[in-house]
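The values are calculated or read from the model by the stated rules, or taken from the named source; none is laboratory data. Quick caveat: nothing in here was measured; it's all calculated off a predicted structure. Positions of Cβ are backbone-derived with ideal geometry, glycine not excepted, and every protein chain shown enters the neighbour counts. The area values use the complete protein model at the heavy-atom level, side chains included, leaving out ligands, DNA and RNA. Shrake-Rupley method; radii C 1.70, N 1.55, O 1.52, S 1.80 Å.
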Amino acid sequence: MASLDGCRCRGASGRANGSILYSILKSDSLAAAEELQHPQQQPPQHPLQKTPLSTSSSSSSSSTSTSSSAAAPASLQELRQQACSCGSTRRRGVLRSPQVTCKAASAVLVKTLRFVKNVPCFRELPEDDQLLLIRSGWAPLLVLGLAQDRVDFDTTETVEPSMLQRILTGGPERHGELPAGQSRGAAGVSVVDIEAIRAFLKKCWSVDISTKEYAYLKGAVLFNPDLEGLRCLHYIQSLRREAHQALNEHVKLIHREDNTRFAKLLIALSMLRAISPPVVAQLFFRPVIGSVNIEEVLMEMFYGK
């Protein structure tokens, strides 16, 4: 059982029903209940919505695979090394329908921050620890939310000018402006990074993760003890350990015939941790907020500052 011993946090009021992770499940249930009670209610206006967005809803075009392999996929670094020989690390991509996809991602971000805010054991932490965990976890939690809501997206490749072209034409890096006809964020992100996000989404959909499993995975992602400067390090370590244990027990109870399911979920977690927050911000939010610091937007949304 997670304990706050040795920390300056408030008492562990979130230990309802014998487990502090009950609050994680309750938080996810509250968020889902709010969605059901107010299906037509739009997310509150926030800095991510400064640019008008299309009213079209994002389509979930991915199909669920009937089976998945438990073998670990190639790491992001291995993908980069494999791509070097053909020059694909220089290939970049942008969203094909940025207005639709960015609107869907913004809605998932609002829901994600609401989930975090409603977890009592998170709010018991010192504010410094909360900030570290949010800055570290917002991107993987968002991608996990995209998987849970089955938000799919299409991209198209952009042509990246060579160094000689930039020198001869005085490219955007030199003058601080984009070429005519090119929108903010049009430079895109590496195709390898895009494929890493797609691979994670496909992995989640192939495993057909349940609502409870998503909740435990969110707890394992949110409570990251590997960050420097945490004041309640041991408490956060215990929360992550409890999340893994609860997930394992749930899988053994519900999927007794599938001995590889827990390993598949751990593989999905490892794929998620390889996804870079700057890549997520560049792909899903740069077309909306431009050069605005995403962390400042997050703090304004979370704390209302």
Do the conditions hold for Ala220, that is, is it in contact (Cβ under 8 Å) with a residue 40 or more places away in the chain, crowded, with 20+ Cβ neighbours inside 10 Å and among the aliphatic types (A, V, I, L, M)? yes
Considering residues of the stretch 226-273 that are of a type in the set (Ser, Thr, Tyr) and open to solvent by less than 30 Å² (accessible area, probe 1.4 Å) only, the residue farthest from Ala147 (Cα to Cα): Tyr235
Any pair with Cβ under 6 angstrom, 6 or more apart, that starts in the stretch 286-302 at a residue that is closer than 18 Å to Leu95 by Cβ and ends at one that is outside any helix (DSSP H, G or I) and at pLDDT below 85: Arg286/Gly185; Pro287/Gly185; Val288/Thr51; Gly290/Arg184
Which of the residues spanning the stretch 71-102 are of a type in the set (D, E, K, R) and either closer than 30 Å to Ala263 by Cβ or at pLDDT 95 or above (or both)? Glu78, Arg80
Residue count for the stretch 216-237, restricted to those that are part of a helix (DSSP H, G or I) and under 18 Å from the mean Cα position of the chain (by Cα): 7
Is one or more of the residues making up the stretch 248-269 farther than 30 Å from Arg92 by Cα, assigned to a helix (DSSP H, G or I) and touching a Gly at 6+ places or on another chain (Cβ under 8 Å)? no
Quick one: which residue in Arg198, Arg240 is free of Cβ contacts under 8 Å to residues at least 24 places away in the same chain, part of a helix (DSSP H, G or I) and over 25 Å from Phe284 (Cα atoms)? Arg240
Sort through Val288, Val279, Val292, Val297 and tell me the only one that's more than 25 Å from Lys212 (Cα to Cα) and part of a loop (DSSP other than H, G, I, E, B). Val292
